[in-house]
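Only one structure is covered here, and it is reproduced in the block below.
Derivation of every value follows stated rules applied to the coordinates shown; laboratory data play no part. This structure is a prediction, so every number in the text was calculated from the model and none was measured. Don't worry about glycine lacking a Cβ; one is built from the backbone with ideal geometry, like all the others, and counts go over all protein chains shown.
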Amino acid sequence: MSAAGTAADYDVVIVGAGLIGAAMALLLRDSGLRLALIDSQPVQAGQPLVNDPISGSASATPEFDARVSAITPASRELFESIGVWQTMVQWRASPYTHMHVRETDGTGSIDFCAADIHASALGHIVENRICVAAMHQKLQTQPMLDCVMPARVDAVSNDQSVVQLTLDSGRQLTTRLLIAADGAQSPVRAMTGFTTREWDYEHEAIVCSVRTEQKHGQCARQIFMDDGVLAFLPLAAPDDEAGHWCSIVWSVLPLRAQALMGLPDEAFCQTLSYASEHWLGQIQQTSTRISFPLTQRHAVDYVQGRTVLVGDAAHSIHPLAGQGANLGLADVAVLARELIKGKAAGRDPADPLVLARYQRLRKPHNLSMMLMMEGFKRLYADQPLAVRWLRNTGMKAVNQWPMLKHQLIREAMGSGIKIS
């Protein structure tokens, strides 16, 4: 299918200007395609506030975004390619050089170290608002991109030549390709009739930032329990607080989550200290806690006519491995590459061959990651003694087998994202 056809206002419209949608827009900035980015929130201007006092605390300590991402080296390469990584690092990013994984009812554990594979870090923990603000700052200087923000898409209609969008202002615009990057509850996905498969993990995640008695030492920690998983992710902080702050993700059964959310801060800190086996001493302070149910969702197809899904709009997984953002960034890297190649060949952005190649390259990888997370969840649910013994034995074996362990590290870090 050639690029010729019914005239449209834009070649590509991206709905959703969060971490994934903003990255998509920046990857396409030099493609020669006419672009628009739509989001219900205004463009973020300048550096986000990264040193706000934590609500209710007496001392001035950093207020972290509850949403953080474990950015792999492959995703870091993508951010470097669009010119935003140094800004993220200057604002706030925490490298982690070690990872420790264990379970509560056994002696098995695995330790990963960046130095073992001659790397400087396994990844970086970065607050989502910092990633987004750094990209929004760059978006405002792109001549081929219209930021239609704030605006909400109220209706979508398709024909063979264009997609027509109706905004909440009443404005209508047309595009040859619509990219839905509007999150796990994607309104665009719903309006365009995509089918998804969903299942409830029967767990809720509690997330917050905590101050620990001991320094985290740039180590990400994860502990498997019969009723869930607890992760401590090291955060960067001002000099007087450096090394003492972590973002936690605590996945527990709903009734347990309700009880934990109802605890006063001091009691929650004590409970968390006990659950973490005092890895980092006492938990001394907590930010406001938020919780949300964990659901796994996957679109049966990523492409339907002139609409394509990326990131959480296409797939959302358990935060167990912290891979959600990285999977989404890999989606947009592949889609951008295929669209740029299609543009060079004179193809329509919604050419079925172009979009089918994107789906073929990304869907199997995303599905395999989802299946792996489901397997981990089931393996570490409350199991008979024999299964627990096998889990511990397996952990010990992996930890004592350097070649296998190093391969696991490399897989987790990604193989590098190629844009062209």
**Request:** Using DSSP to define loop residues, name the trypsin sites (Lys or Arg not before Pro) in region 166-252 whose beta-carbon has at most 11 other beta-carbon atoms within 10 Å.
**Result:** 171
**Message:** On the principal axes of its Cα set, how long, how wide and how thick is region 77-228? Give whole Å, largest value first.
**Reply:** 60, 40, 30
**Prompt:** Got a sec to turn the phi values of region 165-170 into Karplus ³J(HN,Hα) couplings, 6.51 cos²θ - 1.76 cosθ + 1.60 with θ = phi - 60°, whole Hz, x for Gly and Pro?
**Reply:** 10, 10, 8, 5, 7, x
**Message:** Can you tell me which aspartates and glutamates have their Cα less than 17 Å from the Cα of residue 341? Leave out same-chain residues fewer than eight positions away.
**Reply:** 11, 30, 331, 351
**Rounded to whole Hz, the Karplus (6.51, -1.76, 1.60) HN-Hα couplings of region 84-93, x for glycine and proline** = 10, 5, 4, 5, 4, 5, 5, 6, 4, 8
**Request:** Could you pull the Rg and Dmax for region 179-221, using just the Cα atoms, both in Å?
**Result:** 18.2, 51
**Message:** Give the separation of the Cα centroids, region 297-340 to region 196-243, in Å.
**Reply:** 24 Å
**Message:** As an exercise, use a Förster radius of 35 Å and the Cβ-Cβ distance of residue 113 and residue 142 to find the FRET efficiency, rounded to the nearest 0.05.
**Reply:** 0.30
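Which value results when the Cα radius of gyration for region 227-349 is divided by 2.2 N^0.38 Å? All intermediate terms of the calculation are to be shown ahead of the outcome.
On the way: Rg = 20.4 Å, N = 123, 2.2 N^0.38 = 13.7 Å.
Against the empirical 2.2 N^0.38 Å value, I get 1.49 for region 227-349.
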